[in-house]
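Below is one structure, written out as structure tokens, with a few remarks after it.
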Amino acid sequence: MATVGTNIAAPLLFLNLIMYFITLGFASWCLNRYINGQTYHPSFGGNGATGFFLTFAILASVVGIVSKFAGGTHSRAWRNDSLAAAGASSMIAWAITALAFGFACKQINLGGHRGWRLKVVEAFIIILTFTQLLYLLLLHAGMFSSRYGPGYRDTEYGVATGGDPMHKGDVPVAGTRV
């Protein structure tokens with residue numbers, strides 16, 4: 001059964017995945033230039049926060065990409081048991097992205113020459129902070145109503161239907177299939 005949450009969360013999951021891949025590519029290029037001492041490159045630049053920002057941007061991108069794999073599995077199943085992995089990995093990805101967001105704000109605040117590639121990484125991290133938070137909230141929207149997705153109070157798993165569960169050692173009723 002498709003719910004409101006999966007109809008919104010699935011496209012947002014794909015958008016975040018693409019944005020994390022783009023951020024990983026640009027941040028890796030910038031970190032390579034930074035390590036090689038080529039901060040004079042016209043499309044790079046940087047300041048004192050650049051090394052920290054790029055490290056956390058790459059870490060946020062990698063963790064975000066991996067969390068989208070768990071999110072894709074949950075998007076297909078959309079059940080409580082897949083919600084745990086998707087929710088936990090998305091929360092960790094959002095926390096690291098929020099740290100990178102703080103370094104992006106510090107880098108922008110320090111100023112100086114920042115090339116267009118570094119500005120792209122900053123912009124994508126800022127956007128991803130909010131879209132990842134929105135995705136995380138959509139994953140957990142089932143807390144409020146089962147219309148939005150699997151909730152934490154759903155009890156259909158592990159519960160026998162149609163009577164009392166059969167205990168070990170009980171004799172089955174004659175004529176039933178085993």
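The values are calculated or read from the model by the stated rules, or taken from the named source; none is laboratory data. Note that the coordinates shown come from a computational prediction; the quantities given were computed from them, not determined experimentally. Here Cβ is always computed from backbone atoms with ideal geometry, including for glycine, and neighbour counts include all displayed protein chains. Surface accessibility is based on the protein's heavy atoms, side chains included, excluding ligands, DNA and RNA. Shrake-Rupley method; radii C 1.70, N 1.55, O 1.52, S 1.80 Å.
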Residue check for Gly115: surrounded by 15 or more Cβ atoms within 10 Å (Cβ to Cβ) and touching a strand residue (DSSP E or B) at 6+ places or on another chain (Cβ under 6 Å)
yes
Quick check on this structure: which one of Ile96, Ile22, Ile65 is closer than 20 Å to Gln132 by Cα, touching a Leu at 6+ places or on another chain (Cβ under 6 Å) and β-branched (Val, Ile, Thr)?
Ile96
Out of Ala100, Ala160, Ala93, Ala88, sole residue that is open to solvent by less than 70 Å² (accessible area, probe 1.4 Å), of a type in the set (A, V, I, L, M), within 25 Å of Ala60 (Cβ to Cβ) and at pLDDT below 95:
Ala88
Kindly check whether there is at least one residue in region 134-157 that is within 22 Å of the chain's Cα centre (by Cα), within 23 Å of Trp29 (Cα to Cα) and at pLDDT 90 or above.
no
Kindly indicate the residue of region 55-79 that is over 9 Å from the mean Cα position of the chain (by Cα) and among the polar types (S, T, N, Q) and also surrounded by the fewest Cβ atoms within 10 Å (Cβ to Cβ) among those meeting that condition.
Thr73
Output for region 67-83, where each listed residue is in contact (Cβ under 8 Å) with a residue 40 or more places away in the chain and among the aromatic types (Phe, Trp, Tyr):
Trp78
Which condition number does Cys105 fail, the rest of (1) more than 19 Å from the chain's Cα centre (by Cα); (2) touching a residue at least 60 places away in the same chain (Cβ under 8 Å); (3) in a helix (DSSP H, G or I) being met?
(2)
Within region 10-66, track down each residue that is without any contact (Cβ under 8 Å) to a residue 60 or more places away in the chain, assigned to a helix (DSSP H, G or I) and among the aromatic types (Phe, Trp, Tyr).
Phe14, Phe21, Tyr34, Phe52, Phe56
On the basis of being closer than 17 Å to Leu134 by Cα, open to solvent by less than 40 Å² (accessible area, probe 1.4 Å), hydrophobic (A, V, I, L, M, F, W, C) and modelled with pLDDT under 90, does Leu17 make the cut?
no
